[in-house]
Amino acid sequence: MSQSPYKEVEVTGDKSSDVVWHNASVSLEDRSKKNGHKPAVLWFTGLSGSGKSTVANAVDRMLYELNCKTYVLDGDNVRHGLNGDLSFSDADRVENIRRIGEVSKLFVDAGLIVTTAFISPFQQDRDMVRQQLEPGQFIEVFIDTPIEVCEQRDPKGLYKKARSGEIKNFTGIDSTYEAPNEAEIQVLTADKGIEACAMQVIEYLITNNYISKD
Ligand SMILES: Nc1ncnc2c1ncn2[C@@H]1O[C@H](COP(=O)(O)OP(=O)(O)OP(=O)(O)O)[C@@H](O)[C@H]1O
Ligand SMILES: [Mg+2]
């Protein structure tokens, strides 16, 4: 995008008053044309163990094979670096998602299809990211797996720790998970294998003209 993608620039005291948007010489349209696909954020949401990271990486591999420009942003990895200063308090969880939204927006501006894999339990936070982007750039992907299945999978042993009280505020146990109201894609991972789940996302991107088949 050559123009500022920010709908409104908040000017807070001395901090931002002298900061002026510098238009880029290569537009997002130029990049999309060269890449051969539209940019987007595939925002995966779901319980721990639902399969966000697994399906996100399977989708990323398929997109890579289709010569798309992609990147995966995954929960724990982001908390190691960019958001290493944030805790799991309510305020910091919101800030965590806000920053990821901003990074996703930069990747979209660079022309990429970015896949994010964060529990992101609150609709309000997911809507905040949707608002940060242009219409059509935010695709909410609900990794819809019953908690019983997630708990049985328990790939990181987190449910066990949450049940024994070793971990507090665990989503689905003693912290709320708000299922999406109107996710663009709902993936039922208990009903089909990983490849089929990933294919469902790829088919959405083809049907809605983000990518082409060949
Ligand atoms: N159809 C399926 N889709 C995705 N994962 C599946 C499926 N069937 C089985 N699994 C298994 O379920 C587990 C999902 O774990 P994964 O780490 O992807 O969850 P997550 O949603 O990223 O959790 P967290 O929020 O803790 O990072 C993996 O061990 C994966 O192999
Ligand atoms: Mg994960």
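The values are calculated or read from the model by the stated rules, or taken from the named source; none is laboratory data. Please read all numbers here as calculations on a predicted model, not as lab measurements. Cβ coordinates were reconstructed from backbone atoms using ideal geometry, including for glycine residues, and neighbour counts include every protein chain displayed. Accessible surface is based on the protein model in full, side chains and every heavy atom, while ligands, DNA and RNA are left aside. Shrake-Rupley method; radii C 1.70, N 1.55, O 1.52, S 1.80 Å.
Once ligands and nucleic acids are excluded and a 1.4 Å probe is used, how much of Met199 is accessible, expressed in Å² to the nearest 10?
Taking all protein chains as shown, Met199 has close to 80 Å².
Just the C-alpha atoms of the chain: what Rg/Rh do they give, with Rh taken as the Kirkwood radius?
On the way: Rg = 18.0 Å, Rh = 18.3 Å.
Here the Rg-to-Rh quotient is 0.99.
Run the 1.4 Å probe and let me know the accessible area of Thr207, rounded to the nearest 10 Å².
Taking all protein chains as shown, Thr207 has close to 110 Å².
At most 14 other Cβ atoms within 10 Å plus a DSSP loop assignment makes a site exposed; report the longest stretch of the chain without any exposed GluC sites (Glu not before Pro).
11-165
Leaving out ligands, DNA and RNA, and with a 1.4 Å probe, what % of the accessible surface on the stretch 48-207 is carbon or sulfur?
On the way: 4070 of 8020 Å².
Carbon and sulfur together cover 51 percent of it.
Please compute the per residue accessible area over the chain with all protein chains in place, 1.4 Å probe, rounded to a whole number of Å².
56
With respect to the cross-link table entries Lys105/Lys168; Lys33/Lys105; Lys161/Lys192; Lys52/Lys213, which display a Cα-Cα separation exceeding 21 Å?
Lys105/Lys168; Lys161/Lys192; Lys52/Lys213
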